[in-house]
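Reading through the structure tokens given below for one structure.
The values are calculated or read from the model by the stated rules, or taken from the named source; none is laboratory data. From a predicted model like this one, the values you see are computed outputs, not experimental measurements. Ideal geometry is used to build each Cβ from the backbone, glycine not excepted, and the neighbour counts take in all protein chains shown.
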């Protein structure tokens, strides 16, 4: 990534700010709920309808706003409003993605997947009813009784494998709301986040069964880096890479593996929870390529990971891959429901920069670096990042463009050292960390032993 490329990202595309302000107005209206629409809420709803007036959603959005203003709040009206909100964020996503592609000189595969013909499952109707109750009550009106009303719906959804995506989303959403209830006592409501989850769940409830993977691919996967997401009850490793196939174009792909956890399992120990993906962890820890055989690949560029279809191969330097292969790799298309700026994550490589006040500088250009997002499961630290000379990172957007480090190259004394988020996938390589982990004990082994003892009883 060069100074000129950073310069091309300095200003947000036209219309982005106005679109986000409109979405923010709707999100604020959801905080109070639609049981009785106030003047500011009415203005926010009118602004949302006006923003999509030139789209196929125009009639449905205008009719929905008119009914909500009179107190007639139904599933159809809420769905139209959710669709209008998603359409605005989709337009913002597309504008920002086009800006990034133009700045980086990348080509992208067009989305060509036909929508599923299957009708929405009647089981999902219960989720729409609960989401409607949330919208009427508003976030400030959510209490434990309203949250618990989702339990039976989630249970029914989990029983149908085709609705698992919606079920997991609602399960997590209701748990988050329950953890904050009664929300009326909260100082600050995460309005954007909860509106995102509400919108996504409502639109998902109208979809048919998820489409199968588009194709099975064989070839060589060259990892670029891994982004580790850790929460109290789950961990996910998202690996970004470049896929080479015989006779086919070089493609940029992503894969995700996840596991449930408890909040006492933190730091390097979380890799043990992903131990069933031995080939993948070996490739990450030892910087090796992966030979894939008939691995399912979705139209979104996501590999549906099966460790039995992969084998760790020869050494592959991620910085070489990022410099040589990444610029010519075809970028994947975004699925319709994933067209939201929060999902933007474009792998880039940078050299010749300096750090000042938490931002990376190249000439006259600056970009914020997410030093607070560095995972404790790897060797990257703020000191290592700010003293680096080269970086592989994810170009992300959350109000402005930022970089999330995946790997860095730096000098330690006179030696050039490379650090990656996945370096500890097979165990810590830092002697101090290993010693501290040994002293505190193996939390995963202890919990597994206790679980086994309970099961035997």
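Per-structure values
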item: Output for segment 64-89, where each listed residue is part of a helix (DSSP H, G or I) and within 18 Å of residue 38 (Cα to Cα); result: 64, 65, 66, 67, 68, 69, 77, 78, 81
item: Flag for residue 50 being modelled with pLDDT of 95 or more, in contact with a strand residue (DSSP E or B) (Cβ under 6 Å, 6 or more places away or on another chain) and surrounded by 14 or more Cβ atoms within 10 Å (Cβ to Cβ); result: no
item: Tally of residues being without any contact (Cβ under 8 Å) to a residue 12 or more places away in the chain and either surrounded by 14 or more Cβ atoms within 10 Å (Cβ to Cβ) or not in a helix (DSSP H, G or I) (or both) across segment 367-395; result: 2
item: Hits in segment 167-182 - residues which are without any contact (Cβ under 8 Å) to a residue 24 or more places away in the chain and crowded, with 17+ Cβ neighbours inside 10 Å; result: 167, 171
item: Subset of segment 241-255 [touching a strand residue (DSSP E or B) at 6+ places or on another chain (Cβ under 9 Å) and surrounded by fewer than 15 Cβ atoms within 10 Å (Cβ to Cβ)]; result: 246, 248, 249
item: Residue match in segment 204-225 (condition: surrounded by fewer than 15 Cβ atoms within 10 Å (Cβ to Cβ), in a helix (DSSP H, G or I) and under 21 Å from the mean Cα position of the chain (by Cα)); result: no
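Rundown of residues vs (1) assigned to a helix (DSSP H, G or I); (2) in contact (Cβ under 8 Å) with a residue 40 or more places away in the chain; (3) closer than 25 Å to residue 38 by Cβ; (4) under 23 Å from the mean Cα position of the chain (by Cα), yes/no style:
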{"position": "120", "(1), (2), (3), (4)": "no, yes, no, no"}
{"position": "153", "(1), (2), (3), (4)": "yes, no, no, no"}
{"position": "165", "(1), (2), (3), (4)": "yes, yes, no, yes"}
{"position": "184", "(1), (2), (3), (4)": "yes, yes, yes, no"}
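So that you can scan it fast, the table gives a plain yes or no per residue for (1) touching a helix residue (DSSP H, G or I) at 6+ places or on another chain (Cβ under 8 Å); (2) at pLDDT 90 or above:
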residue	(1), (2)
123	yes, no
126	yes, yes
137	yes, yes
141	yes, yes
147	yes, yes
156	yes, yes
161	no, no
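Condition check ((1) assigned by TED's automatic domain parsing to the domain that holds residue 184; (2) farther than 24 Å from residue 138 by Cα; (3) free of Cβ contacts under 8 Å to residues at least 12 places away in the same chain) across all residues:
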{"position": "7", "(1), (2), (3)": "yes, yes, no"}
{"position": "16", "(1), (2), (3)": "yes, yes, no"}
{"position": "26", "(1), (2), (3)": "yes, no, no"}
{"position": "33", "(1), (2), (3)": "yes, no, no"}
{"position": "39", "(1), (2), (3)": "yes, no, yes"}
{"position": "42", "(1), (2), (3)": "yes, no, no"}
{"position": "48", "(1), (2), (3)": "yes, no, no"}
